[in-house]
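Okay, structure first, notes after.
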Amino acid sequence: MAVSRLLLGCIADDFTGATDLASMLVRGGLRTVQVIGVPQAQLDEDVDAVVIALKTRTLPATEAVDESLAALAWLQGSGCRQYFYKYCSTFDSTSQGNIGPIADALLDALGLSFVIACPAFPENQRTLYNGHLFVGQTLLSESSMRDHPLTPMTDSNVVRVLQQQTARKVGLITHSVIQEGADAVRRAFAQAQEDGCTYAVIDAINNHDLQVIGEAASEHILVTGGSGVAMGMPRNFQRQGLLADTSTASISSHRDGYAAVLSGSCSQATNGQIDHWKATDRPSFALDPLRLSESHDQISEALKWAKPLLAHGPVLIYGSALPEDVKAVQKHLGATAAGEIVEHALSQIAVGLREMGVKSFVVAGGETSGAVVKALGITGLRIGAAIDPGVPWTIGLGDQPVALALKSGNFGSRDFFSKALELAP
């Protein structure tokens with residue numbers, strides 16, 4: 001990788017979030033590679049941006065901080081001009097972190113005293129108004145996120161949530177300021193710093209707001225937020241004469257194999273996508289976490305079931321469930337163990353399916369996507385065009401590439417699985 005070409009270095013707290021961000025950057029004209037974990041060496045890829053995908057959303061805060069700092073050190077060694085810390089557009093976290101502790105550590109490492117925080121992603125109906133995060137027309141705390149098994153979001157006030165995670169002062173820049181344009185937002189940044197704020201949570205209710213925020217933060221060494229904020233960042237590099245070609249990146253075709261869908265997400269959106277798949281009479285196989293906890297027989301059963309079907313079309317194998325069923329399993333196995341059992345099973349199933357000739361995978365769920373990518377031995381992804389907002393097709397780097405659509409649990413239309421397979425590269 002030519003150091004002079006690396007404009008933006010990004011740290012994402014999960015795999016699908018990283019892909020979501022990378023998709024936004026590609027859309028803005030940045031040739032982007034997503035890597036899985038901190039690389040051991042420089043990349044042999046001619047790109048403008050690198051997104052390092054970590055699994056720090058639900059790790060203990062100290063581990064999450066250490067991994068994030070290691071990612072920052074690699075990006076600094078690659079000569080990045082700007083850095084982006086990406087977290088979920090639903091601000092998934094707890095009162096202990098991990099968003100605040102990671103952001104604090106990145107600020108210290110870079111010698112900075114101020115940064116913005118904006119999880120908004122209007123294209124996926126995540127908007128921020130008066131500091132309150134909405135999912136569609138519903139406050140975050142009243143949405144399905146209130147029942148998230150690992151990071152239940154019971155407070156919609158992002159200022160208050162972030163303030164619980166850091167000893168540094170958190171302020172708010174309201175939508176009325178954003179409407180006045182980038183210069184007004186810059187003045188608000190200066191005022192927030194005068195008021196002693198280290199963090200400024202920023203309202204955004206549409207894409208124009210994100211463009212304004214991106215322009216206003218063009219000189220910031222570090223930006224934090226959901227992938228939506230990245231919408232306005234590529235244009236800054238173009239204004240500076242550092243990015244000439246803003247055409248959407250493309251990826252090569254890999255339509256010569258079978259296809260499969262793997263789902264470990266228990267989100268409302270993913271459950272709806274599974275229901276849609278079943279309603280169209282497509283083949284599906286449900287995993288039972290309790291059975292998997294006792295033996296791995298279901299892994300071989302799922303592969304045996306899939307083998308004769310693949311030649312006739314894609315199959316779905318899932319460990320997803322409704323909230324009440326998830327709670328029952330978690331009560332028996334524990335929240336962390338229940339999720340890890342399903343993730344492990346789906347990752348091993350992915351390996352078996354690849355051996356059967358599957359070369360296109362749609363994967364639902366951030367933790368599941370990370371487990372699958374790791375099991376397949378994929379260390380990086382070249383990002384293509386989006387299927388739905390925040391979810392692109394990607395091609396794994398390496399000698400035996402596979403196509404992957406890695407979907408955050410809450411993302412995608414109800415017919416996402418079939419739509420993704422129709423658009424497979």
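The values are calculated or read from the model by the stated rules, or taken from the named source; none is laboratory data. Remember, predicted model here, so these are calculated numbers, not experimental data. Heads up, the Cβs are rebuilt from the backbone with ideal geometry, glycines too, and the neighbour counts pull from every protein chain shown. What goes into the accessible areas is simple: the full protein's heavy atoms, side chains included, and nothing from ligands, DNA or RNA. Shrake-Rupley method; radii C 1.70, N 1.55, O 1.52, S 1.80 Å.
Before moving on, here are some points about what is shown:
- Per-residue accessible area (protein heavy atoms, 1.4 Å probe) orders L381, L110 as L110, L381, starting from the largest.
- Convex hull of alpha carbon positions in the stretch 326-400: directionally averaged projected area 6.0 nm².
- Across the stretch 71-122, Cα-Cα pairs more than 12 Å apart make up 70 percent of the total.
- Cα convex hull volume per residue for the stretch 25-105 (Å³): 100 Å³
- D_trans [Stokes-Einstein, Kirkwood Rh over alpha-carbon pairs] for the stretch 40-190, 4 °C, 1.567 mPa s, µm² s⁻¹: 77 µm²/s
- Along principal axes, Cα extents of the stretch 118-238, largest first, whole Å: 40, 32, 24
- Electrostatic dipole magnitude of the stretch 1-86 [Cβ: Lys, Arg +1; Asp, Glu -1; Cα centre; debye, to 20]: 260 debye
- If you take the Cα centroid of the stretch 192-222 and the Cα centroid of the stretch 254-320, the two points sit 42 Å apart.
- Farthest toward positive dipole pole in the chain [+1 Lys/Arg, -1 Asp/Glu at C-beta], among Q164, A345, G100: A345
- Non-local Lys pairs in the chain, i.e. 8 or more apart or on different chains, that have alpha carbons under 16 Å apart: 9
- Ranking by accessible area, most exposed first, for L290, L43 with a 1.4 Å probe: L290, L43
- 10 Å binning of all Cα-Cα separations within the stretch 152-306, expressed as whole percents from 0 upward: 8, 23, 21, 19, 19, 9, 0
- Rolling a 1.4 Å probe across the protein heavy atoms gives the chain an accessible surface of 39 Å² per residue.
- Across every pair of non-identical alpha carbons in the stretch 268-400, the mean reciprocal distance, once inverted, gives a Kirkwood radius of 15.8 Å.
- For the chain, share of DSSP beta bridges that run antiparallel, in % to the nearest 5: 30 percent
- Dipole magnitude (debye, nearest 20) for the chain, charges at Cβ of Lys, Arg, Asp, Glu: 420 debye
- Calculated translational diffusion coefficient of the chain (10 °C, 1.306 mPa s; Stokes-Einstein with Kirkwood radius over alpha-carbon pairs) equals 74 µm²/s.
- Taking packing as the residue-averaged number of other Cβ atoms within 10 angstrom, the listed peptides 144-152, 347-355 run from highest to lowest as 347-355, 144-152.
- Highest-first arrangement of 192-205, 173-186, where packing means the average Cβ count within 10 Å: 192-205, 173-186
- Where labels lie 7 Å past Cα in the beta-carbon direction, separation of E45 and E142 in nm: 4.2 nm
- Sorting the segments 308-315, 206-213, 272-279 by their residues' average number of neighbouring beta-carbon atoms within 10 angstrom, most packed first, yields 206-213, 272-279, 308-315.
- Protein accessible area in the chain, 1.4 Å probe - carbon and sulfur %: 48 percent
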